[in-house]
Amino acid sequence: MFEILSVSLTFGIYFAAQLLYRRYRRVWLNPLMLTIAGIIILLRLLHIEYEEYMQGGSYINFLLKPAIVALGVPLYEQLSAVKKQSFAVILSQLAGCILGIGATVGVAFLFGASRDIILSLIPKSVTTPAALEISAAIGGIPPLTVGAVIVTGILGAVAGPLFLKKIRVTDREAAGLAMGSAAHGIGTAKSAEAGATEAAYSSLGMILTAVITALLAPWIVELSGL
């Protein structure tokens with residue numbers, strides 16, 4: 001019974017957040033951010049333990065992997081165009097991943113973060129299922145990685161389009177790649193609002209970031225002496 005309540009509560013809050021966002025279209029009304037905040041508030045008000053809530057929440061977690069796979073549909077529809085730009089796309093993603101991981105390690109180290117925290121933050125721009133595997137493989141803390149991934153995705157979805165507009169990135173393919181690379185699935189969902197091209201390239205950015213990070217992370221950890 002509690003499982004049904006948990007799932008119903010989550011979907012109910014999310015759909016309400018979606019309606020609110022569609023009505024006012026404000027970046028700070030991001031549906032995922034509102035849903036997380038709403039669930040936390042309700043759990044606190046109703047004195048429901050997180051473990052109880054996750055009796056139903058685990059079913060939603062189960063749907064995460066097929067949902068990520070479904071984001072590949074727009075990419076398949078744009079596959080012919082992507083093939084023509086494959087070299088530029090792979091090169092840009094490789095450079096972005098190296099810079100992203102390097103900046104994460106550098107900033108975390110600068111602020112005195114422990115080794116476990118630094119390792120947990122390395123896959124922050126990777127979609128959750130892959131980020132969990134990478135974090136566990138390099139010695140990070142998977143639950144902390146999940147938190148970092150969620151925060152990164154929400155910040156990317158909220159601030160990403162504004163930042164790209166500010167620096168005058170008008171190319172639809174480049175904008176999609178940037179969102180998928182920096183904000184994984186949440187950024188890709190946001191990119192889908194702009195159009196099919198942005199959604200396709202964002203999916204591609206998300207996939208390549210996950211693959212490249214999985215390949216580079218152990219090497220970077222060893223090279224940096226962590």
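From Val169, Val158, Val151, which residue is open to solvent by 20 Å² or more (accessible area, probe 1.4 Å), in contact with a Phe, Trp or Tyr (Cβ under 9 Å, 6 or more places away or on another chain) and in a helix (DSSP H, G or I)?
Testing whether each residue is open to solvent by 20 Å² or more (accessible area, probe 1.4 Å), in contact with a Phe, Trp or Tyr (Cβ under 9 Å, 6 or more places away or on another chain) and in a helix (DSSP H, G or I) leaves just Val158.
Just give me the residues in region 40-80 being of a type in the set (Val, Ile, Thr), touching a residue at least 24 places away in the same chain (Cβ under 8 Å) and closer than 19 Å to Ile4 by Cβ, in sequence order.
Ile60
Could you list, in sequence order, the residues of region 1-51 that are surrounded by 16 or more Cβ atoms within 10 Å (Cβ to Cβ) and small (Gly, Ala, Ser)? Show your work before the answer.
Here is the first cut: in region 1-51, the ones surrounded by 16 or more Cβ atoms within 10 Å (Cβ to Cβ) are 6-7, 9-10, 13-14, 17, 21, 29-36, 38-39, 43, 48.
Once the filter is applied, which keeps residues that are surrounded by 16 or more Cβ atoms within 10 Å (Cβ to Cβ) and small (Gly, Ala, Ser), region 1-51 yields Ser6, Ala17, Gly38.
Across region 82-122, what is the total count of residues that are within 18 Å of Leu216 (Cβ to Cβ), aliphatic (A, V, I, L, M) and open to solvent by less than 50 Å² (accessible area, probe 1.4 Å)?
Residues meeting the conditions: 8.
Has region 184-203 got at least one residue that is of a type in the set (Ser, Thr, Tyr), part of a helix (DSSP H, G or I) and open to solvent by 40 Å² or more (accessible area, probe 1.4 Å)?
Within region 184-203, the first condition is being of a type in the set (Ser, Thr, Tyr), and the residues that meet it are 188, 191, 197, 201-203.
Now restrict to residues that are part of a helix (DSSP H, G or I): 188, 191, 197, 201-203.
Narrowing further to those that are open to solvent by 40 Å² or more (accessible area, probe 1.4 Å): none.
No.
The values are calculated or read from the model by the stated rules, or taken from the named source; none is laboratory data. As the structure is a prediction and not an experimental result, all values here were calculated from the model. FYI the Cβ positions are ideal-geometry reconstructions off the backbone, even for glycines, and counts take in every protein chain you see. The area values use the complete protein model at the heavy-atom level, side chains included, leaving out ligands, DNA and RNA. Shrake-Rupley method; radii C 1.70, N 1.55, O 1.52, S 1.80 Å.
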